[in-house]
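Input: a single structure, listed below in structure tokens.
The values are calculated or read from the model by the stated rules, or taken from the named source; none is laboratory data. A quick note: this is a predicted structure, and the numbers were derived from the prediction, not measured. Heads up, the Cβs are rebuilt from the backbone with ideal geometry, glycines too, and the neighbour counts pull from every protein chain shown.
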Amino acid sequence: MAQPMGASTKPTANILWRCPECGHIFTPQPNTIRCPRCGENLRKCRYCQFADTMTWECTNARIRYTYGDELGRFHIPEPDHVWACPENRPALQPNAWQLFMANPLLRALGWGAGVAVGLLLLFRFVLLPWLRGPEAPEAAQLTAQLNAPAQVATGEAIRLTLTFANYEAVAVNQWLLVLESELVEDSEPPQVTPPPIAPPERVGRRLRFFFNGSPPGGQTTVELVFNLRETHQRAYQLTFDAFGYLNTTPQPTVYRVFFFPSRRWQIKVR
């Protein structure tokens, strides 16, 4: 096809076109007719800024006056119609999003940012609640008493005893104990008495145990024994949390257990 008559011969250094077929973005020349990548004819009527693709008519006043019918309408015969139009002005400038996606570096950064945001949301709303335990109000009627040494000799096992008490009027189906400390990483898997009702769940420095519940006014005592892999003098900070799942209808109610003397404890290995 010859260059459309009357097409602009002004420099197009600051103009970009995006091929509607393959998405290739490039700088057109005054004599550009086809996409340099896929060969699509970019001078079709439907790509022109004067084409009304709703009625398939040309809206250019000169074309309507010169080539139009008695009513001044110039009908585009078909969507892929091509002719040596003196007023052809392709409306193929890419938008900001198309320019962004066409840049490999920006596209990679965009995907990376999207993945990072997705991982943060996953951690905040899925992993973090799972690690911390359920969001629940604290109940003074559900208590846990910690009995732990303040210091142990090098090579000695570290024994932690916790007694859960249920002073509610309904039974506790199960107790959830959460322990976080570097002690978890520095020791062998703990010996637990009585055995939990499910295998302990460990993520990094955090351990989760599920134990059988207690009837109204009843107690459940558990013992954790940790044996350090390496014997060296240091202090371990322990953080405890616990939850009681009450047997209520229509669904169990979860309450955070009240700890005493404290949820935090320090054990020195000397």
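Under 7 Å between Cβ atoms, at least 6 apart or on separate chains: pull out the pairs that start in the stretch 197-215 with a residue that is under 26 Å from T248 (Cα atoms) and end on any residue that is surrounded by fewer than 14 Cβ atoms within 10 Å (Cβ to Cβ) and modelled with pLDDT of 90 or more.
F210/I197; F210/A198; F211/I197; N212/I197
Quick one: would you say N60 is over 47 Å from the mean Cα position of the chain (by Cα) and at pLDDT 90 or above?
Working: over 47 Å from the mean Cα position of the chain (by Cα): yes; at pLDDT 90 or above: yes.
Considered against the rule, which asks whether it is over 47 Å from the mean Cα position of the chain (by Cα) and at pLDDT 90 or above, N60 comes out as yes.
Name the pairs whose Cβ atoms lie under 9 Å apart, with the first residue in the stretch 95-114 and in contact (Cβ under 8 Å) with a residue 12 or more places away in the chain, the second assigned to a helix (DSSP H, G or I), and 6 or more positions between them or separate chains?
L99/L106
For the stretch 235-255, give me each residue that is of a type in the set (V, I, T), over 24 Å from E188 (Cβ atoms) and in a strand (DSSP E or B).
Scanning the stretch 235-255 gives T253, V254.
Name the one entry in A235, A242, A169, A165 that is in the same structural domain as R263 (by TED's automatic domain parsing) and farther than 19 Å from W265 by Cβ. Let's see the steps before the verdict.
Values: A235 fails: farther than 19 Å from W265 by Cβ; A242 fails: farther than 19 Å from W265 by Cβ; A165 fails: farther than 19 Å from W265 by Cβ.
Answer to the selection: A169.
How about the stretch 179-234: which strands (runs of 3 or more DSSP E) wholly inside it have at least 1 residues that are loosely packed, with under 13 Cβ neighbours inside 10 Å and touching an Asp or Glu at 6+ places or on another chain (Cβ under 8 Å)? Give the steps one after another, and end with the answer.
Working: elements: 191-193, 201-203, 206-214, 219-226.
Filter on the stretch 179-234 gives 191-193.
Residue under question is V172, and the condition is that it be more than 34 Å from the chain's Cα centre (by Cα) and touching a residue at least 12 places away in the same chain (Cβ under 8 Å); does it hold?
Working: more than 34 Å from the chain's Cα centre (by Cα): yes; touching a residue at least 12 places away in the same chain (Cβ under 8 Å): yes.
For V172, the condition - more than 34 Å from the chain's Cα centre (by Cα) and touching a residue at least 12 places away in the same chain (Cβ under 8 Å) - is met.
Restricting attention to the stretch 202-231, which residues are in contact with a helix residue (DSSP H, G or I) (Cβ under 9 Å, 6 or more places away or on another chain) and more than 23 Å from A171 (Cα to Cα)?
Looking only at the stretch 202-231, we keep the residues that are in contact with a helix residue (DSSP H, G or I) (Cβ under 9 Å, 6 or more places away or on another chain), and these are 202-208, 226, 228-230.
Result: R202, V203, G204, R205, R206, L207, F226, L228, R229, E230.
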